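Here the structure is laid out as structure tokens; the discussion comes afterwards.
Coordinate-derived values only; no laboratory data. Because the structure is predicted, anything quoted here is derived from the model rather than measured. Because the Cβ atoms are built from the backbone with ideal geometry, glycine has one as well, and the counts that use them run over all protein chains shown.
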Amino acid sequence: MDMKKYLKKCSQPLNKIIIGGIREDVDIELRRKIIMINVIIAVGVLNLVPLGIVAYFKNNFTLFTLDWVVAAVLIACLVFSRKTGRYTITIYLGISAAGTLFFWLLATGGVNHTGHLWYYTFPLFSLFLLGSKRGALASLIVFMPALLVLIADLSSPYIASYTLDFKIRFIPSFLVVFACAYLFENLREKDRNALSRKNGELNQNLSELEKVKEELQSNRDELEKRVEKRTAELKMANEDLKQEIDERVRAQKALVESQERFLTVLNSIDADVYVADLETYEILFMNEHMRENFGSDYVGEICWKVYRNGSAPCNHCTNDKLLDPSGQPVGVITWECQNPVTKKWYMNYDRAIKWDNNQYVRLHVATDISQRKEIEQSLRTAHDILESRVQERTAELAEAKKQAETANQAKSEFLANMSHELRTPMNHIIGFTEIILDKNFGELNEVQTEYLTDVHTSSSHLLSLINDILDLSKVEAGKLDFQPSCAGMTGDHHIVGSYGTTRSIEFGPNLSKMICGSLIKKQNFEPSDQSFEFCQVSLLRKIWCQIMISD
């Protein structure tokens, strides 16, 4: 154990000399050459210094000087290469010094004529350090002076003399060592070059693989980004879809509730109401009032079969008239007829509305006017009787005329007294429609709002017509009181034109709406050849205004 530690401790300085100071960035081939030159320097110094001392004691001062100079040069080369890292100069200087020393030893014979032995080592390390070509050139350069000394056989006290047998053996043996060293180094260089090419190809393949790896990594990163982006988009789309589904569910629920309220309204109307398909005539809905009148629920049946006992669609059917050429509703179509099943007379109101699946259907509302028809029939009968009596009893013409006027007066009084009964259904329709439009029972969609607005507008218009008819009846019955009203005027009115029987009168803005409304209401019951014109003028004072219209 102590011997191993001692040898390890002793080898540390040698390892430091041989492999110490070598940079890590040098390639393996140069590293081998550096180790070789360090070994040569170490061996050379370790041999040259003792041999120089031996030569000194044998009074060979020249050899002593040369040994120590060469050793100093080798040590300087080692220090230079350690400091600068320029190993090529060290190699050339070391080989040059060794070659010079080996030639001098051969030429002088060295100690006991053994100097020629060092010549055999020169091709080995020169070819290894310089390569096959440069090493061969260096070996031949060192060999040629030696060959000249051996062939010339110079007689000099400074030149050693060799026998012919020595010359014959030395020259071929050196050439054999040189050839073997050259062949070995040449093969090694070829193998090293092939290995370098393979290594270069491998490095290139590795570089390409690195590039491919980088591209794959880049593609992977990009793909991950795309996946993350797509995942985020899908997540967002899923949330939007979920929100849209929730909104649709709420809208569907609201639509169902709105439809239920609408059906409730239809069931509460004191009229026959049903909905039928425009193409198949299939009954889609009947209100409670109509089910009671017909004694059954005919939903799913054909309207003209169950309501008319017909074998084909009715001649007065409005299905083909409810939509314009562009497929849009045209409004309300009103007509009256007698139902062959119930034998009652009805005022019918047909219009196209949207039903389930957003398809247009026919909404039919029929109000019973049988009583009115009976009254009209009674009036016609009374009129016929009066006409017959006029023809039969000319003498009683005055009395018959008086009776006819009395009957006419009774009719007018009856209509004037019927104002409440006629206005109440329409007020119900308008009131319930306004309640729904005010969203007291929930939100409405755009289509429902549009249709209910149409119902409200049509009902209001119908109520206005009923009021006008009742006002006219009151006038005829003498029950309409004249109620004059005054309005401030700050300017004069004047006739701006006179063309035959036509007069153009200008009024101020305070009276224009009142006069316009009154005249338009009267115009509804006057012949169509009468016309009115209103113009704005500056009003200066407050006056009473009376308008008289005559043909």
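Okay, here's what the table says:
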quantity: Within region 211-260: Cβ-based charge dipole about Cα centre, in debye rounded to nearest 20 (Lys, Arg +1; Asp, Glu -1); calculated: 260
quantity: Computed over region 297-388, Cα set: Rg, Dmax in Å; calculated: 17.0, 60
quantity: Neighbourhood net charge (14 Å Cβ-Cβ; Lys/Arg +1, Asp/Glu -1) for A398; calculated: +1
quantity: Region 269-368 - charge dipole about Cα centre, Lys and Arg +1 at Cβ, Asp and Glu -1, debye rounded to 20; calculated: 240
quantity: Cα gyration tensor shape for region 28-153, rounded if a/c is under 1.5, else prolate or oblate; calculated: oblate
quantity: 23 Å Cα cut-off, lysine pairs counted over region 334-462 (separation 8 or more, or different chains); calculated: 7
quantity: Amide hydrogen neighbours beyond the local backbone of T342, cut-off 5 Å, H modeled; calculated: none
